[in-house]
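Notes to accompany the following structure.
The values are calculated or read from the model by the stated rules, or taken from the named source; none is laboratory data. Everything quoted here is computed from the prediction, not taken from an experiment. Glycine also receives a Cβ, built like all others from the backbone with ideal geometry; neighbour counts cover every protein chain displayed.
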Amino acid sequence: MQRETVTAPLGPVSVLADPRFGKTRVLTNRIQPLFYNHNFAPSQIRAGTFTQNDTQTMRGRLDT
């Protein structure tokens with residue numbers, strides 16, 4: 001599931017899994033190429049997480 005989500009064609013994706021299955025990492029790996037390879041602006045991407053902690057984790061990964 002994870003590899004298919006990260007490498008899926010451009011467009012919306014949904015990642016549904018139990019806790020601790022790497023959803024935040026999968027979304028981060030999906031988003032990073034949009035910035036670096038496809039020149040998307042942050043305002044063009046919408047990502048949702050379940051908790052504030054997940055949001056902070058994702059932002060931290062995308063800022064590096």
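The table below lists the values:
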quantity: Region 10-54, residues that are acidic (D, E) and assigned to a helix (DSSP H, G or I); calculated: D54
quantity: Flag for T49 being free of Cβ contacts under 8 Å to residues at least 12 places away in the same chain and surrounded by 12 or more Cβ atoms within 10 Å (Cβ to Cβ); calculated: no
quantity: Single residue of region 17-46 satisfying the filter (surrounded by 14 or more Cβ atoms within 10 Å (Cβ to Cβ) and hydrophobic (A, V, I, L, M, F, W, C)) that is farthest from M1 (Cα to Cα); calculated: F40
quantity: So R30, is it within 13 Å of the chain's Cα centre (by Cα) and of a type outside the set (S, T, Y); calculated: yes
quantity: Exclusive hit being under 14 Å from R59 (Cα atoms) and either in contact with a helix residue (DSSP H, G or I) (Cβ under 6 Å, 6 or more places away or on another chain) or modelled with pLDDT of 90 or more (or both), set L27, L34; calculated: L27
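Listed here are the residues, each with its yes/no results for (1) modelled with pLDDT of 90 or more; (2) touching a helix residue (DSSP H, G or I) at 6+ places or on another chain (Cβ under 7 Å); (3) basic (K, R).
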site: P9; (1), (2), (3): yes, no, no
site: P12; (1), (2), (3): yes, no, no
site: R20; (1), (2), (3): no, no, yes
site: N39; (1), (2), (3): yes, no, no
site: Q44; (1), (2), (3): yes, no, no
site: T49; (1), (2), (3): no, yes, no
site: Q52; (1), (2), (3): yes, no, no
site: R59; (1), (2), (3): yes, no, yes
